[in-house]
1. Does region 144-193 hold any residues that are of a type in the set (Asp, Glu) and in contact with a Pro (Cβ under 8 Å, 6 or more places away or on another chain), and which are they?
2. For residue 109, are the conditions met, namely being touching a helix residue (DSSP H, G or I) at 6+ places or on another chain (Cβ under 6 Å) and closer than 25 Å to residue 156 by Cα?
3. Filter region 76-105 down to residues that are assigned to a helix (DSSP H, G or I) and in contact (Cβ under 8 Å) with a residue 12 or more places away in the chain, then give me how many there are.
4. Of the residues that sit in region 57-75 and are in a helix (DSSP H, G or I) and surrounded by fewer than 23 Cβ atoms within 10 Å (Cβ to Cβ), which one is nearest to the chain's Cα centre (by Cα)?
Amino acid sequence: MIPLHKKLRFLFVMLTALLLTACATTNLANEKFTQWQTAAQAGDAKAQYKLGAAYASGQGVTKDNVKAVEWLQKSANQGNAPAQNGLSVMYLKGLGGAKDDIKAIEWLQKSALQGYPKAQYNLAILYKNGQVIPKNEEQAAAWLNQAALQGDAVAQSDLGMMYASGIGVAQNTATAIEWLQKAAAQGNSEAKNRLAGLYAQHLNRPSN
């Protein structure tokens, strides 16, 4: 049996190691934030985006939506597509300022037209649901296709279901399965469930 004093010493060593690791992680996060802040103030668009995203999420800094919008705006003005997408979300939800659907769509379209897949997906969903902009299922499918071609798994899954249902595109089960398989291969659980449903409807299930 291990003596009590040795057990306590072991626990103390482990606790000290954990505290040192936590401190090192915090210091590293603070160092990165300081680097982003310095670069952002010097006009670096990528750093401005990272700084805005940090303020929006509260990672490494106290959450502050007003500062998030400020830095995302600076980055978006320089043409940074992720910042334009992030800024559109802030305007759409009214975070860090007044809700502004017109500005939200304006920045979202700019980001999507630059080929940013997250913006393309977000724009597709707005068209599909008729949220903020008039419902247009053809446009929804077109933007989902753009994002899916870039490997966005969620877009691939949603596009697959549009082909399966014939929404916004001509119904095509083979194409639906193709897109769902691509999404499932990336580990998308929703695509796996949808694919299983299509197999049950249209294909013979493989025997175990």
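No value in this document is a laboratory result; all are computed from the given coordinates. Please read all numbers here as calculations on a predicted model, not as lab measurements. We place every Cβ from the backbone using ideal geometry, glycine too, and count neighbours over all the protein chains shown.
1. Here is the first cut: in region 144-193, the residues of a type in the set (Asp, Glu) are 152, 158, 178, 190.
Answer for region 144-193, where residues must be of a type in the set (Asp, Glu) and in contact with a Pro (Cβ under 8 Å, 6 or more places away or on another chain): just 152.
2. Working: touching a helix residue (DSSP H, G or I) at 6+ places or on another chain (Cβ under 6 Å): no; closer than 25 Å to residue 156 by Cα: yes.
For residue 109, the condition - touching a helix residue (DSSP H, G or I) at 6+ places or on another chain (Cβ under 6 Å) and closer than 25 Å to residue 156 by Cα - is not met.
3. So the first thing to find is which residues in region 76-105 are assigned to a helix (DSSP H, G or I), and the list is 76-77, 81-93, 101-105.
Filter again for in contact (Cβ under 8 Å) with a residue 12 or more places away in the chain, leaving 76, 81-92, 101, 103-105.
Selection size over region 76-105: 17.
4. Among residues in region 57-75 that are in a helix (DSSP H, G or I) and surrounded by fewer than 23 Cβ atoms within 10 Å (Cβ to Cβ), the one nearest to the chain's Cα centre (by Cα) is 57.
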